[in-house]
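Inspection log for the structure reproduced underneath, given as structure tokens.
Values quoted throughout were computed directly from the atomic coordinates according to the rules given, and no laboratory measurement underlies them. Given the structure is predicted, the values throughout are model-derived calculations rather than measurements. Quick reminder, even Gly has a Cβ in these numbers, built from the backbone with ideal geometry, and neighbours come from all protein chains shown.
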Amino acid sequence: MSTVSSGGVRLKRDSLGLSQIIASTLANIAPAMSFFFGFGLIASGAGVGAPITILVAMIVILFLTNTLAQFSKYRPSTGSFVTFIGMSFGPTAGAAASLFVVTGYCIAAASVVVIAGGWAATTLQTFLHINIPWQVLSIVATAVVGFLVARGIGLSTTWAAIFFYFELALLLVGAVIMLVANHGAISMAPFEFSSVTGGWKGIGLGFPLAIYLFIGWENSAMLAEETTDPRRNVPRALITGTLSIGILYMFLAFATETAFHNNVTAIGNSAIPFVDAFKASAAGLLIVAYLAGVTSIFSSLIGLTNAQARILFNSSREGLLPEFFGKVHPQHHTPHSAMWAFIVIALLIVLGFGTFDNIDPVTLFGETGTMGTIPVVITYLLTNLALPVYMLRYHRNEFSPFKHLIVPLLGTAFMLFPLWGLVQPGQPAPFNIYPYATLALFAFALIYGAILAKRNPDLVQRIGSYVADEEY
């Protein structure tokens, strides 16, 4: 472990291979959790053609993966979005981005913490008739994940992969059982554009939610410093993860709709369509669906803490946030301070609103997930805009108008639609105040960035100073 000129320390290199960062990314996305709570609303907007909406969302996410892949080829960094925005637009933007996106990630992580306790409590009550308060189970999940991620990136990623592949097997088994049990209802209607309610308008209604199924696709970029050959493996993981999860979602959507005999009204009336479809197809094996949810949520919590807390760590290491979060454990070589702070803050958000405001886990899951996603999506957009600036500033001779300008601009344009779905007027409380809260956070982050940049003239040299595969 070498020391850089700025006085910081490095994370342990070559700890992860390509398959491990792909597994970590897929675990972060948490297909069971995302699909369980998102598909019904997508189908309500797009109708039987909901899988086509998911396909369109996957293509749009691939525009975004191009941006991170291009950045990672030239400057792989644990700082990810913050590094790329800061190097493109300057230290004020970099410092602002660090505070803005880390806050968004913390709030979004709270949605996983709360549903970890809520889903575990429901599972225990349903199958073992054991009643444990969901708050207690959320605390237990947080403590276990905190211990795992602090002990080492290899250990925690291995467990995230184990849980994810177990979850994947359960989902595939469940989907196949539904198709076999309802083989007479199998048709290609879900993949025909004529099945989309209202055509492109129907795709538009389901599109924002379909985009959110993929949140977490960026995970591997934040693991660059610990990844073998990051300039090659991070881009490959970004693309492979997005394609894999998109194909899986379309298959699950097809199986779920088949089990409902393509009855969109029934799907829309179901709180969790996949679980209800599986229950109707093989009630005796319902535990399969619930276990898939448990493992999905737990692996997601490991994956997101490992990745997203590293942005907090790197921002502190480069002087953008308080230096306390930039510590590395002397034995396990993990950013333990940042990771514990990240997951504990998420837990405190959950306990605060879930206990004192008496909000149930599913409702709080939706509220924190939505609020946290808004800053993250805005950061996606800013990173897209940063790519052409970065290339023209640092690699002008290798600038490609298509890869470095047209594709990121198209990605930005496409992402404006789901962003509008989150901030448009007329939404019920508390969602109607989220745009204003995000705007206030953005303004505060800009003021913070401007003050920090003025006080620290050397900040411009420190942003991006930790390149994943370079020696110091």
| Which ³J(HN,Hα) values in Hz, rounded to whole numbers, follow from the phi angles of the range 150-164 under the Karplus curve 6.51 cos²θ - 1.76 cosθ + 1.60, where θ = phi - 60° and Gly and Pro get x? | 6, 6, x, 5, x, 4, 5, 5, 4, 5, 4, 5, 4, 5, 5
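Which whole-number percent gives the relative contact order of the range 318-472, counting Cα pairs below 8 Å spaced six or more residues apart?
Relative contact order for the range 318-472 comes out at 24 percent.
With +1 on the Cβ of every Lys and Arg and -1 on the Cβ of every Asp and Glu, and nothing else charged, how large is the dipole of the chain about its Cα centre, in debye rounded to the nearest 20? List each step's numbers first, then the result.
On the way: 20 positive and 19 negative charges, 170 e Å.
Roughly 820 debye, rounded to the nearest 20.
Could you list GLU318, GLU470, GLU226, GLU367 so that the one with the fewest beta carbons within 10 Å of its beta carbon is first and the one with the most is last?
Details: GLU318 29, GLU470 10, GLU226 26, GLU367 20.
The most exposed by this proxy come first: GLU470, GLU367, GLU226, GLU318.
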| said: Can you compute 3J(HN,Hα) from phi for each residue in the range 113-130, using the Karplus curve 6.51 cos²θ - 1.76 cosθ + 1.60 with θ = phi - 60°, rounded to whole Hz and x for Gly and Pro? | reply: 4, 5, 6, 4, x, x, 5, 5, 5, 5, 5, 5, 5, 5, 9, 10, 6, 9
| On average, how much area does the Cα convex hull of the range 269-415 cover when viewed from any direction, in nm²? | 14.4 nm²
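From the gyration tensor of the Cα coordinates in the chain, what semi-axes in whole Å does the equivalent ellipsoid have, largest first, with each one equal to sqrt(5λ)? Please list the in-between numbers first.
On the way: eigenvalues 251, 123, 88 Å².
Each semi-axis is √(5λ); the values are 35, 25, 21 Å.
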| field | PHE431 paired with ALA143, simple spin-label distance in nm, labels 7 Å along Cα-to-beta-carbon | value | 3.6 nm
| said: Helix 336-351 against the longest principal axis of the chain: what's the angle in degrees, Cα atoms only, rounded to the nearest 10? | reply: 40 degrees
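Determine, for each peptide in 430-443, 190-203, the mean count of other beta carbons within 10 angstrom over its residues, then list the peptides with the highest first. Mind dumping the intermediate values first?
Details: 430-443: 14.8, 190-203: 16.4.
Highest to lowest by the protection proxy: 190-203, 430-443.
Taking R0 as 25 Å, what FRET efficiency do you get between VAL176 and ARG236 from their Cβ-Cβ distance, rounded to the nearest 0.05? Could you put the intermediate results ahead of the total?
Details: r = 29 Å, r/R0 = 1.15.
Efficiency computed from Cβ-Cβ geometry: 0.30.
Which three numbers, in whole Å and largest first, are the semi-axes of the equivalent ellipsoid of the range 19-58 derived from its Cα gyration tensor as √(5λ)? Numbers along the way, then the final one.
Values: eigenvalues 118, 27, 6 Å².
For the range 19-58, the semi-axes come out at 24, 12, 5 Å.
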| request: Can you pull the one-decimal nm distance between simple spin-label points at VAL136 and LEU439, each 7 Å off the Cα toward Cβ? | output: 4.5 nm
| message | Suppose each label sits 7 Å from its Cα in the direction of the beta carbon; what would the TYR394-PHE193 distance come out to in nanometres? | response | 4.0 nm
| Using the C-alpha gyration tensor of the range 131-271, what are the square roots of 5 times its eigenvalues, in whole angstrom, with the largest one first? | 34, 22, 16
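Two decimals is fine: what's Rg over Rh for the range 36-170, C-alpha atoms, Kirkwood radius as Rh?
Values: Rg = 19.3 Å, Rh = 18.6 Å.
Looking at the range 36-170, the ratio lands at 1.04.
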| query | Taking the alpha-carbon centroid of each part, what is the distance from the range 353-411 to the range 413-429 in angstrom? | reply | 14 Å
| Within straight cross-link reach of LYS403, meaning Cα distance under 25 Å, which lysines are found once same-chain residues fewer than 8 apart are removed? | LYS73
| query | Which ³J(HN,Hα) values in Hz, rounded to whole numbers, follow from the phi angles of the range 222-232 under the Karplus curve 6.51 cos²θ - 1.76 cosθ + 1.60, where θ = phi - 60° and Gly and Pro get x? | reply | 7, 9, 4, 5, 9, 9, 5, 6, x, 5, 9
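If you average the sequence gap of Cα pairs under 8 Å that are 6 or more apart and divide by the length of the range 34-459, what percent do you get for the contact order? Don't skip to the end; give the middle numbers.
Values: 681 pairs, mean separation 144.1, N = 426.
So the answer I get is 34 percent.
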| Thinking of the range 241-331 as a set of Cα atoms, what percent of all their pairs are more than 19 Å apart? | 61 percent
| query | Amide H to amide H under 5 Å from GLY47: which residues, 5+ apart in sequence or cross-chain, H placed 1.01 Å off N in plane? | reply | THR197
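Express in % the proportion of alpha carbon pairs of the range 397-472 at distances exceeding 21 Å. Could the numbers behind the result be given before it?
On the way: 1791 of 2850 pairs.
Counting every Cα pair in the range 397-472, those more than 21 Å apart make up 63 percent.
Can you show me the helix-derived [θ] at 222 nm for the chain, built from DSSP H runs with n ≥ 4 at -39,500 (n - 2.57) apiece and divided by the number of residues, rounded to the nearest 500. Intermediate results must be reported in sequence, preceding the final value.
Numbers: 17 runs with 329 residues, N = 472.
Roughly -24000 deg cm²/dmol at 222 nm, from the helical runs in the chain.
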| task | Enter the Cα centre distance for the pair the range 105-147 and the range 268-297, rounded to the nearest angstrom. | result | 18 Å
